[in-house]
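Okay, so here's the structure we're looking at.
Nothing in this text is a laboratory measurement; each read-out follows from the coordinates by a stated rule. Values in this document were obtained by computation on a predicted structure and should not be read as measured data. Heads up, the Cβs are rebuilt from the backbone with ideal geometry, glycines too, and the neighbour counts pull from every protein chain shown.
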Amino acid sequence: MDFSPRLADIKQRLFPFPLEIWDGHTHLLGLPGKTPEERLERLLECASRLGIGRVCVFMGTKWQFDPTPEELREANEEVRRAVERFPTRAFGFVYVNPNHQVASLNEIRRHVRDGPMVGVKLWVARRCCDSALDPIVALAHDCDAVVLQHTWIKTTGNLPGESTPHDLACLARRHPDAVFIAAHSGGGNWEIGLRAFCETPNVYAELSGSDPTSGFTEMAMRLLGPRRVIFGSDAPGRSFATQLGKVLGASVDDDTKRLILADNLKKLLAPILKKKGVPV
Amino acid sequence: MTDPHSVTRRGFLGSLSAGGIMAGPTLLHFAQVTDSEPQVASSYRLIDTHVYLFQWPFRLIHSAETAELVRSLKNAGVTCAWAGSLESLLHRDIASVNARLHEECRKYGDGFLVPCGTINPMLPDWTEDFRQCVENYKMRVLRLFPGYHGYTLDIPEVGRLLALAHKCEIGIQITIEMEDVRAQNPLLPVKPVEVTPLGRWLEDFPALRLMLLNCHRAVPPQQLAKLVTIGWVYVDLGMLEGIAGLERLTSVIPIERICFGSFAPVFYFESALLKLAESHLPGGSLDAICYQNAETFSHRQPPYPRKGGFPMPYQRTCAVWLASSG
């Protein structure tokens, strides 16, 4: 590595102890590259600069709020091509849309049950408290896949199909054996979002996709404990740096940082990764 | 220490109109501040141009106690921090806000904290606040909060303020936003500041130095590039997002206009520091961002000839970029 003395000094200050880092939330959209593989290569290159060893990636190179079955297939094919190029460093989550239940279930079978992907991604097509999600969650659970659901509380108003943390808590209570990751944990209004998960032990709070406002990680730790908080960046839209700073800059002990940065996500993904022969 | 009563407001304003200004003593003061900064174990210097003291109105911040903030910044390798006051956002007695900021920096900073007072040009007699900051407190950089003080940058009072700063050789930091609008308390929504009017002022005051704080979400890159070609406009790293953000930023504006600024303790300090490691930058760039550009901003020492705007490589890059972005 070609670190200048200054950069080496900075890294020494930020990583005074050995750290393994898994990023639970990344995308291909917004990266340079002609192919999904090239885009992922660029993402991993930047991740490596900050010591991020493994990433979860989802949603292809074009995004739609309410994707058609064909658009879902295209997005998932792109992600699959990319992660198959880096099978030990990038883990794919299949993107589904509860407004197209049959197509979504087929996508889970194709890419998770019979393919390399290890999780299910839900975005903003329909609020996740809706019963349309039940078959999707049930199949994901049968496959040992985690369900990652976007959650935001926007002062300016959510999209019609955009879930809040309360919506996810509602879904999680209906499926107590399934495992959920609350992407963004309510976003910038995390003080409200995190409270929604106090009584749902099968929901893990993920820190990605909002400004690095001080106190986020500490409050997540205080409310949920060190084993229910997961690092994610939402790169490339967000910076690995800003999001990683939420953990490295938090007033929590080093053991807690290790749990948040890798161990908690590793534990969630270990069963399905093991089934697929991926070394953890 | 200067007697706070040694320069009257009449004398102060009179000295401005006569062309005389206190550049000597204030520059000396700033030099003393940077010279007396504590030595850290490493060889590098790091000036954080965007730090705050006191409490953020909307949540308790761990490092909001000044002593704790100073300790954590020093531990992180910061050698000098330009501090504004979070009280500035909502307090109306700005003179008291600036006095507390000055005293807090003196008490806890030990030369490490450089106070950046606030001017609210909507207040009656704001020029007296300006005079106090410059004369009494020897401030070299002042901070504006147009969004929180309810004005736009095209009003005549902004012109007066910038004219005064231009004359006094004071650097002006303009806070474009403090929060993601999607995450604001619904009882206090504050929109990002519209920077288009700055083009006019930069043309009127060609030596004026402006630093836009937290500008990267609200100001489109092409608009930033345009402003930077008009005058001495700098930016900090606050709210710079996207992977390898510094690589992208340096393709739009010259590296000489980028200063390290963390927005701590409202944001985790480490988020800004990590940005330096996330991008691959040309040799020497880190020193420029970490302290040289801030020194240029505060000392008025242009790193390259003013005439023509920018070195040729940047002119080409910028022209191509602007053409391609329509």
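Legend note: in chain A, cysteines whose Cβ sits 4.7 Å or more from every other cysteine Cβ are A:Cys46, A:Cys56, A:Cys128, A:Cys143, A:Cys198. Among B:Val235, B:Val134, sorting on how many other beta-carbon atoms sit within 10 Å of each Cβ, with the fewest leading, yields B:Val134, B:Val235. For the protein assembly as shown, the gyration tensor built on C-alpha atoms gives a prolate shape. Its axis ratio a/c (a ≥ b ≥ c) is at least 1.5, and a/b is the larger of a/b and b/c.
Counting beta carbons within 10 Å around each of A:Tyr95, B:Tyr44 and listing the fewest first gives the order B:Tyr44, A:Tyr95. In terms of the Cα gyration tensor, with a ≥ b ≥ c the square roots of its eigenvalues, is the stretch B:112-164 rounded because a/c is under 1.5, prolate because a/b exceeds b/c, or oblate? In terms of gyration-tensor shape, prolate. Length available on full extension from B:Arg160 to B:Leu188: 0.36 nm per residue minus the Cα-Cα distance, which gives 7.3 nm.
What is the Cα centroid distance between the stretch B:173-229 and the stretch A:178-241, reported in whole angstrom? What the calculation gives is 30 Å, centre to centre.
Where a ≥ b ≥ c are the square roots of the eigenvalues of the C-alpha gyration tensor, would you call chain A rounded, which needs a/c under 1.5, or, failing that, prolate if a/b is larger than b/c, or oblate?
Details: a/c = 1.58, a/b = 1.20, b/c = 1.32.
Judged from the Cα gyration tensor, chain A comes out oblate (a/c at least 1.5, b/c at or above a/b).
Computed on chain A, with alpha-carbon pairs under 8 angstrom and 6+ residues apart, the relative contact order is 17 percent. For the stretch A:164-234, the set of GluC sites (Glu not before Pro) satisfying both a DSSP loop assignment and a count of at most 15 other C-beta atoms within 10 Å is given as A:Glu199. Charges were assigned to the Cβ only: +1 to each Lys and Arg, -1 to each Asp and Glu. The resulting dipole of the stretch A:16-275 about its Cα centre is roughly 280 debye. In whole angstrom, the stretch B:103-249 maps to an equivalent ellipsoid with semi-axes of 24, 19, 17, each derived as √(5λ) from the alpha carbon gyration tensor and ordered largest first. Taking max minus min of the alpha-carbon positions on each principal axis, the stretch A:73-211 gives extents of 38, 31, 27 Å, largest first.
Among A:Ala82, A:Ala138, A:Ala169, the largest mean-square fluctuation in a Gaussian network model of chain A, built with springs joining Cα atoms closer than 10 Å, belongs to A:Ala138.
Just tell me how shielded B:180-187 is by partners: mean number of partner chain Cβ atoms within 10 Å of each residue's Cβ, no decimals.
On the way: counts 9, 4, 12, 14, 5, 2, 3, 1.
Per residue, the average neighbour count from other chains is 6.
Mind listing which trypsin sites (Lys or Arg not before Pro) in the stretch A:1-54 are in a DSSP loop and have 12 or fewer other Cβ atoms within 10 Å? Don't skip to the end; give the middle numbers.
Details: sites: A:Arg6, A:Lys11, A:Arg13, A:Lys34, A:Arg39, A:Arg42, A:Arg49, A:Arg54; in loops: A:Lys34.
Here the trypsin sites (Lys or Arg not before Pro) that fit, given the DSSP loop and packing criteria, are A:Lys34.
Largest GNM mean-square fluctuation across A:Asp142, A:Asp234, A:Asp211, computed for chain A with C-alpha springs under 10 Å, falls on A:Asp142.
What does the charge count near B:Phe58 come to, summing +1 for each Lys or Arg and -1 for each Asp or Glu among other residues with Cβ under 15 Å from its Cβ?
Working: positive: B:Arg59, B:Arg182; negative: A:Glu191, A:Asp211, B:Glu87, B:Glu177, B:Glu179, B:Asp180.
Net charge around B:Phe58: -4.
Here is the link list: A:Lys246/A:Lys274; A:Lys257/B:Lys275; A:Lys11/A:Lys34; A:Lys154/B:Lys275. Which ones come out longer than 28 Å on Cα distance?
On the way: A:Lys246/A:Lys274 30 Å; A:Lys257/B:Lys275 19 Å; A:Lys11/A:Lys34 32 Å; A:Lys154/B:Lys275 26 Å.
The pairs that break the limit, which is 28 Å between Cα atoms, are A:Lys246/A:Lys274; A:Lys11/A:Lys34.
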